[in-house]
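Chemist: Supplied in structure tokens, the structure appears directly below.
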Ligand code: C2E
Ligand code: MG
Ligand code: MG
Ligand code: MG
């Protein structure tokens, strides 16, 4: 009723906002159903060692198998979820699913870190850190197997709290990765205070390699800076042989992208992964 009241208040001023609000309400309702009826799942994308072609870790990427609209990527619904408390439920789902998958692979003989994406709203939620740390106890797993990916833009919303929470998570042994690096505002200002072990260089730079000098300088600077701080680097969005070959002769540690593998559904990824020993031999 409150929502309806608000919507009516707004009608007088801006009919467009009302449409947006209604759309929001329906997608949030659908998402709630989606969570309950298990329409959400994770796809997995390998992150490989540029020197050997070995899979070093696997990123879990959320997908929504929508009954009418087909397979949806996070771009279609995460921003909406972030405007409500549903983002807490969704991230907890992704974390539990990723941890269970890690344990399953371990039983089958492959122990590998799995990374999960965390939203700004998660990081700034009062109970988030405690709840995430409690999962380690519940699942009897060491935090170093779970990498938490946080974007630069998530950190700058409230830098002091974000740093506090990340420090607590790192102390509980979670690995922290800085996602979409280079797209935030004040990376150099806070980077040395973050307990990060990996920097993920944003695809917008990687895609422009090797001919765009600006991109070359930025990637080079990010890798050098990270190295000096003892942080590893991964190039996101590696789509071509040309970019892959270029990166191989830099000091960048890892690569991720369609050239290596698209994100693939859990069952298909597991089947391939367990049989291949997690090595992309042709890339070594
Ligand atoms: P991200 O964490 O930066 O993930 C990388 C995105 O780039 C993924 O998009 C991936 O499918 C895509 N990608 C990977 N390689 C390539 C490539 O070579 N070329 C191109 N063009 N794209 C590539 P996706 O899966 O649509 O996810 C988009 C964003 O949604 C993610 O960006 C992440 O910020 C967010 N996200 C994904 N899963 C979750 C989740 O479980 N929770 C939250 N809060 N956010 C999530
Ligand atoms: Mg990510
Ligand atoms: Mg990214
Ligand atoms: Mg991104």
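Chemist: Hey, if you drop one equal point scatterer on each alpha-carbon of the stretch 180-267 and run the Debye formula without solvent, what base-10 log of I(q)/I(0) do you get at q = 0.16, 0.20 Å⁻¹?
Modeler: Listed by q, the Debye log ratios stand at -0.61, -0.91.
Chemist: Sticking with this one: Points 7 angstrom from Cα along the Cβ direction at residue 52 and residue 266: gap in nanometres?
Modeler: Using points 7 Å along Cα→Cβ, the separation is 2.8 nm.
Chemist: Express the Stokes-Einstein translational diffusion coefficient of the stretch 14-150 in µm² s⁻¹, to the nearest whole number, given a Kirkwood radius over alpha-carbon pairs, 25 °C and a viscosity of 0.890 mPa s.
Modeler: The Stokes-Einstein estimate is 150 µm²/s.
Chemist: Right, another one. Equivalent-ellipsoid semi-axes (√(5λ), Cα gyration tensor) for the stretch 97-204, whole Å, largest first?
Modeler: Each semi-axis is √(5λ); the values are 25, 16, 11 Å.
Chemist: Further question: According to the Cα gyration tensor, what semi-axes, each the square root of 5 times an eigenvalue, does the equivalent ellipsoid of the chain have, listed from largest to smallest in whole Å?
Modeler: Square roots of five times the eigenvalues give 32, 23, 20 Å.
Chemist: Hey, with R₀ at 30 Å, roughly what FRET efficiency would residue 28 and residue 239 work out to, going by the Cβ-Cβ distance, to 0.05?
Modeler: That pair, residue 28 with residue 239, gives E of 0.35.
Chemist: Give me the one-decimal nm value for the distance between modelled label points at residue 221 and residue 193, 7 Å along each residue's Cα-to-Cβ direction.
Modeler: 2.1 nm
Chemist: Obtain the nm distance between the two label points defined at residue 167 and residue 37 by a simple spin-label model: each point lies 7 Å from its Cα along the Cα-to-C-beta direction.
Modeler: 4.6 nm
Chemist: Which length gain, in nm to one decimal place, applies between residue 213 and residue 89 when the Cα-Cα distance is subtracted from 0.36 nm times their residue separation?
Modeler: Residue separation times 0.36 nm, minus the Cα-Cα distance, leaves 40.4 nm.
Chemist: Taking R0 as 22 Å, what's the FRET efficiency between residue 134 and residue 111 from their Cβ-Cβ distance, rounded to 0.05?
Modeler: Efficiency, from the Cβ-Cβ distance: 0.50.
Chemist: Another one. At 0.36 nm per residue, and after removing the present C-alpha to C-alpha distance, how many nm does the segment from residue 79 to residue 142 gain when stretched out fully?
Modeler: 19.6 nm
Chemist: Given an 8 Å cut-off on Cα distances and at least 6 residues of separation, report the relative contact order of the chain as a percent.
Modeler: 19 percent.
Chemist: OK, next. Gap in Å between the Cα centre of the stretch 36-115 and the Cα centre of the stretch 144-212?
Modeler: Centre-to-centre (Cα) distance: 19 Å.
Bear in mind that the values in this text are calculations on the coordinates, not laboratory data. Just so it is clear, the model here is predicted, and its values are computed rather than measured. In this analysis, Cβ positions are derived from the backbone assuming ideal geometry, glycine residues included, and neighbour counts consider all displayed protein chains.
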